[in-house]
Structures are given as structure tokens and as C-alpha cells.
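Enquirer: Got a structure here, written out as C-alpha cells. Questions coming.
The values are calculated or read from the model by the stated rules, or taken from the named source; none is laboratory data. Just so you know, these numbers come straight off a predicted model, no measurement behind them. A quick note on method: Cβ atoms are made from the backbone with ideal geometry, for glycine too, and the neighbour counts reach across all protein chains shown.
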Amino acid sequence: MMKFSYYNPTRIQFGANTIASIATLIPKESKVLVTYGGGSIKKNGIYDQVKDALKDYEWHEFSGIEPNPLVETLDKAVAVAKEKKIDFILAVGGGSVIDGSKYIAAAALYDGEGWDILEKKHIVTKALPLGAILTLPATASESNPTAVISRKSTQTKLAFSSSAVYPKFAVLDPSAMVTLPERQIANGLVDSFIHTCEQYLTYPVGALVQDGYCETLLRTLKHLIERFNEHDDLLWQENLMWAANQGLSGLIGVGVPQDWATHRIGHELTAMFGIDHARTLTIVQPALLREMISDKAAKLSQMGRNVFHLPQTSDIAEKTIDAIEALYRSIGMPVRFSDCEITDPETPAKLVAALKEHNMIALGEKGNITPEISEKILTKAM
Ligand code: NZQ
Ligand code: ZN
């Protein structure tokens, strides 16, 4: 195993009807900015619950944070936070609202251009405190230090991480999921599945705890995918909320090699074509696993045995990739560009140009996914 330092300060409030507990977690004298997206929280009663919980606080709101949040929108919230002298941010939504709120929290304490944070010209060491009420289990942004932000003017999607933006708490109330469209539930399932793969499908280092926990999460997510039609069941929802959280809140990735190439390439697909985050991943990952099969054969075989219960044959690694792809297809996820009606043969070259521009030139757990290999992967995915 590799050396590691593990820290996760986010308190988890888990279970139905836990939203009211935010009143015990946000300091009473705080001026709160409640941030949310396009209004789904007004349809499922979450907004009203937040309003009740904040009745003794001075609070303001900022709505309209879009999926794949745009810096152009978020900078308006930063201006509100500065003008109203906000000292606590409460993000209510999915990964986009929570990521966007991390940016707002950091940019509110920075006098320069906010985009500097994404370009690493400004390293975030302080931010306003924030809390999260999760409405879409997928990204684990509610208890990790990362945010992914887009800039419309340049079609760029970049990430930053800072321990200053860990949410102080995350409310995981599965009743928030009642209004989720099936498309977003499917997105959440596969995003979590692929987060786990990014920290597991590399090469073995003998990390029994991490491998075992990853396999549990992968089997859990596979089980939920196979019972997709039970997604209105509270226990089904609870299991997805917790599995998605554990997939990217840091624990499974300690001491082991990590890949993330599928994510880096996927972000370019969202920036260029506006494809949902999770759907970019299901297009890229099977092709990437096939291209990198010799590097990943040992872990693919282990996953085949322990997650898909495949027999130990000489082609088990290939069969595991086929099983992963079939799992995605079973809930209607695209696994080729053509499934999203993208057929321009120049697509791989255009995406590779964007990867190079963003310095994504040595991806994967060994840094050996060069632009040439990325182009091969993207061509396989056509
Ligand atoms: O805006 P509202 O009205 O809330 O609607 C949202 C949005 O349209 C809707 N939604 C959320 N909860 C709902 C609901 N609709 C009905 N009922 C509910 N309970 O779902 C739509 C998508 O929401 P979004 O937040 O964009 O989805 P997701 O949670 O998948 O987040 C995706 C973003 O997170 C980033 C992605 O790149 C993408 O920008 N990621 C963040 C990561 C992190 N911070 O660690 C890691 C991930 O790999 C990912 O990159
Ligand atoms: Zn993801």
C-alpha cells in the first residue's frame, strides 16, 4: 500500500426527515445563503422544510445554478455573498449545486478573478463554511473537497479541490429523491459505479480493505441497477444514497493507485457536447478498459470473479468489460458516441485537442494515457 493521510470532517445526517436537524448544525448568529438549482426543491417539499428549519436565522437565497454549473452564474452568487456579508452557505441540490456552492464559498473570500481558482492561479486555503442537503445521490460532492466548474465562454470544464470546502455537514434524506426523474437516478447509479472503478480498476497493491470495500460498493450498485424498477422503495433509495456517498468521500481511494482518465476525458465531452456527466463516463469507460486491458487485466479479473461471479477463464478480463457494458445498457445508458447521435469522424481529434489544451496528456494510474492513446480510446467509442 502507499502512504496516506486520511481526513474527512463532514458530518453525515442520514435518514428520512433529517432536514430539520440543520438548525442544530448551523451557528445561530449566521447569515445564511441558501443556494439551489432550477426549482426541483420547490416540487418535493425540500424548500419548505429548509424554510421552516431556518425560521430563526437571517437568510437569503440564490437560485438557478444549472447542471454542470457555470462560473458566469456562480459569480452572481459571489456578488450576493459579498454584498449581504453572508457567513454560511447552505447548498440544497445535486452535485452541480454543491460544487457551485463550494466555488461560491471560496470565491467569496478572494478578491481576484474567481476563475483563477480553476486555473490554479489562486490556491484555495480559506472559504466560507458550507453545509449540504443532498437531493441526487451521485457525486459524493456532499462530503468531499472537490468541485467541477464550467466556463461557457471558453467551453471549459475544470476541477479544484481544497480541504477548505469540505461541507461541515451533509444531510442525506432519501425522501428528497421522490421527484427524481429516472434519467437522473440512472446517472447517479453509474456515476457512483464508475467512481468506485476509478479507484479499483488499476493494478493490485494488496490493499485488502480497500478492494473488499470497493467490491461491496460495486455489488451493491449492480444489485440496485438490476432492481431499477424498485427505485421508489425507501430502502433502495437509502442504499443508493449511502453507496454513492461512500464511492467518492475519500475512504476507498486511500493507499491505492487511482485512474480518473474516464472522468478527465468525460469532462471534455460535457464541455463540447453538453452530455450529462454520467453519460460521458459510460461512453468512455468501456473503450478505455478495452484499450488499457493489459495494464488492468489483474483487477478486471478480480472484479469479474468477485462482482460479476464469472468463472476464471483465460478471457475473464474481456468478459468483465462486456458485463460492465451490459449493466450500463440495461438501464438505457449510452455506451457509444452514436448512442448520443454523435457521428462526426473528427470527434476524437477535436476532443484530444481540448485534452491537450487542458494539459490532460498523461492520464491514468500510470500516466501512460497520452493524447495518442486517448484518441484510440475515443475512436473505439465511436
Ligand atoms: O436544478 P434542479 O431543479 O435541482 O434539477 C436538477 C438537475 O436538473 C435535478 N435534480 C436534482 N435533484 C432532484 C432533481 N430533480 C428532481 N428531484 C430531485 N430530488 O437533476 C438535474 C441534474 O442535477 P446535477 O446536480 O447536475 O446532477 P449530479 O448530481 O449528477 O451532478 C453532476 C455534476 O457534478 C460534477 C459533474 O461533473 C457535474 O458537473 N461532479 C462532481 C464531483 C465532485 N464534486 O466530487 C465528482 C463527479 O465525478 C462529477 O464530476
Ligand atoms: Zn463522476
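Enquirer: Determine which single condition Asp111 fails, assuming it passes every other condition in (1) within 22 Å of Phe160 (Cβ to Cβ); (2) away from ligand 1 (no atom under 16 Å from the Cβ); (3) touching a Lys or Arg at 6+ places or on another chain (Cβ under 7 Å).
Expert: (3)
Enquirer: In segment 167-216, how many are among the hydroxyl-bearing types (Ser, Thr, Tyr), touching a helix residue (DSSP H, G or I) at 6+ places or on another chain (Cβ under 7 Å) and within 12 Å of ligand 1 (Cβ to nearest atom)?
Expert: Our first condition is that a residue be among the hydroxyl-bearing types (Ser, Thr, Tyr); within segment 167-216, this holds for 175, 179, 192, 196, 200, 202-203, 213, 216.
After this cut, where a residue has to be touching a helix residue (DSSP H, G or I) at 6+ places or on another chain (Cβ under 7 Å) as well, the list is 179, 192, 196, 200, 202-203, 213.
Next cut, within 12 Å of ligand 1 (Cβ to nearest atom) only: 179, 192, 196.
Number satisfying all stated conditions: 3.
Enquirer: Looking only at residues that are touching a helix residue (DSSP H, G or I) at 6+ places or on another chain (Cβ under 9 Å) and β-branched (Val, Ile, Thr) in segment 19-48, which one is surrounded by the most Cβ atoms within 10 Å (Cβ to Cβ)? Show your work before the answer.
Expert: Let us first name the residues in segment 19-48 that are touching a helix residue (DSSP H, G or I) at 6+ places or on another chain (Cβ under 9 Å), namely 19-23, 26, 33-37, 39-48.
If we keep only those that are β-branched (Val, Ile, Thr) as well, we get 19, 22, 26, 34-35, 41, 46.
Working: Ile19: 21, Ile22: 22, Ile26: 22, Val34: 22, Thr35: 29, Ile41: 23, Ile46: 23.
This residue is Thr35.
Enquirer: Select from segment 38-92 the residues that are closer than 17 Å to Leu136 by Cα and among the hydrophobic types (A, V, I, L, M, F, W, C) and list them in ascending order.
Expert: Hits for segment 38-92 are Ile41, Ile46, Val50, Ile65, Leu90, Ala91, Val92.
Enquirer: Continuing with this model, one more query. Mind listing just one residue for me: the one in segment 1-32 that is among the small types (Gly, Ala, Ser) and in contact (Cβ under 8 Å) with a residue 40 or more places away in the chain and, of those, nearest to Glu61 (Cα to Cα)? Step through it out loud before you land on a result.
Expert: The first filter runs over segment 1-32 and keeps only residues among the small types (Gly, Ala, Ser), leaving 5, 15-16, 20-21, 23, 30.
Filter again for in contact (Cβ under 8 Å) with a residue 40 or more places away in the chain, leaving 15-16, 21, 30.
Working: Gly15: 25, Ala16: 24, Ser21: 19, Ser30: 14 Å.
Filtering segment 1-32 for residues that are among the small types (Gly, Ala, Ser) and in contact (Cβ under 8 Å) with a residue 40 or more places away in the chain, the one nearest to Glu61 (Cα to Cα) comes out as Ser30.
Enquirer: Condition test on Thr343, is it surrounded by 15 or more Cβ atoms within 10 Å (Cβ to Cβ), hydroxyl-bearing (Ser, Thr, Tyr), out of contact with any Lys or Arg (no Cβ under 9 Å at 6 or more places or on another chain) and under 29 Å from Pro67 (Cα atoms)? Let's see the steps before the verdict.
Expert: Details: surrounded by 15 or more Cβ atoms within 10 Å (Cβ to Cβ): no; hydroxyl-bearing (Ser, Thr, Tyr): yes; out of contact with any Lys or Arg (no Cβ under 9 Å at 6 or more places or on another chain): yes; under 29 Å from Pro67 (Cα atoms): yes.
So Thr343 fails the test.
Enquirer: Pairs needed: first member in segment 249-277, closer than 16 Å to Ala354 by Cβ; second member anywhere, among the aliphatic types (A, V, I, L, M) and part of a loop (DSSP other than H, G, I, E, B); C-beta distance under 6 Å; at least 6 residues apart or different chains.
Expert: Sorted first by the residue in segment 249-277, then by its partner, the pairs are Arg264/Met360; Leu269/Ile275.
Enquirer: Kindly indicate whether Glu268 is buried (at least 16 other Cβ atoms within 10 Å of the Cβ), more than 12 Å from ligand 1 (Cβ to nearest atom), of a type outside the set (Lys, Arg) and modelled with pLDDT of 95 or more. Show your work before the answer.
Expert: Details: buried (at least 16 other Cβ atoms within 10 Å of the Cβ): yes; more than 12 Å from ligand 1 (Cβ to nearest atom): no; of a type outside the set (Lys, Arg): yes; modelled with pLDDT of 95 or more: yes.
Criteria not met by Glu268.
Enquirer: Consider Val284 carefully, then state whether it is within 12 Å of Leu378 (Cβ to Cβ), buried (at least 19 other Cβ atoms within 10 Å of the Cβ) and over 21 Å from the mean Cα position of the chain (by Cα). Talk me through it step by step, then tell me what you get.
Expert: Values: within 12 Å of Leu378 (Cβ to Cβ): yes; buried (at least 19 other Cβ atoms within 10 Å of the Cβ): yes; over 21 Å from the mean Cα position of the chain (by Cα): no.
Here the answer is no, as Val284 does not meet what is asked.
Enquirer: Is there a residue being away from ligand 1 (no atom under 13 Å from the Cβ), more than 22 Å from the chain's Cα centre (by Cα), closer than 15 Å to Gly131 by Cα and among the polar types (S, T, N, Q) anywhere in segment 2-14?
Expert: no
Enquirer: Let me spell it out: the conditions are (1) more than 15 Å from Ala261 (Cα to Cα); (2) buried (at least 16 other Cβ atoms within 10 Å of the Cβ); (3) not hydrophobic (A, V, I, L, M, F, W, C), and Lys376 meets all of them except one. Which number is the exception?
Expert: Evaluating Lys376 over (1) more than 15 Å from Ala261 (Cα to Cα); (2) buried (at least 16 other Cβ atoms within 10 Å of the Cβ); (3) not hydrophobic (A, V, I, L, M, F, W, C) leaves (1) as the failure.
Enquirer: Please state which of the following conditions Ala140 fails to meet, knowing it meets all the rest: (1) closer than 22 Å to Phe4 by Cα; (2) away from ligand 1 (no atom under 11 Å from the Cβ); (3) within 15 Å of the chain's Cα centre (by Cα).
Expert: The number of the failed condition is (2).
Enquirer: Have a look at Ser150, Ser143, Ser161 and point out the one that is in contact with a Pro (Cβ under 8 Å, 6 or more places away or on another chain), of a type in the set (S, T, N, Q) and under 17 Å from Ile89 (Cα atoms).
Expert: On the way: Ser150 fails: under 17 Å from Ile89 (Cα atoms); Ser161 fails: under 17 Å from Ile89 (Cα atoms).
Among Ser150, Ser143, Ser161, only Ser143 is in contact with a Pro (Cβ under 8 Å, 6 or more places away or on another chain), of a type in the set (S, T, N, Q) and under 17 Å from Ile89 (Cα atoms).
Enquirer: Right, something else. Within segment 216-242, which residues are surrounded by fewer than 18 Cβ atoms within 10 Å (Cβ to Cβ), of a type in the set (Asp, Glu), in a helix (DSSP H, G or I) and touching a residue at least 12 places away in the same chain (Cβ under 8 Å)?
Expert: Glu226
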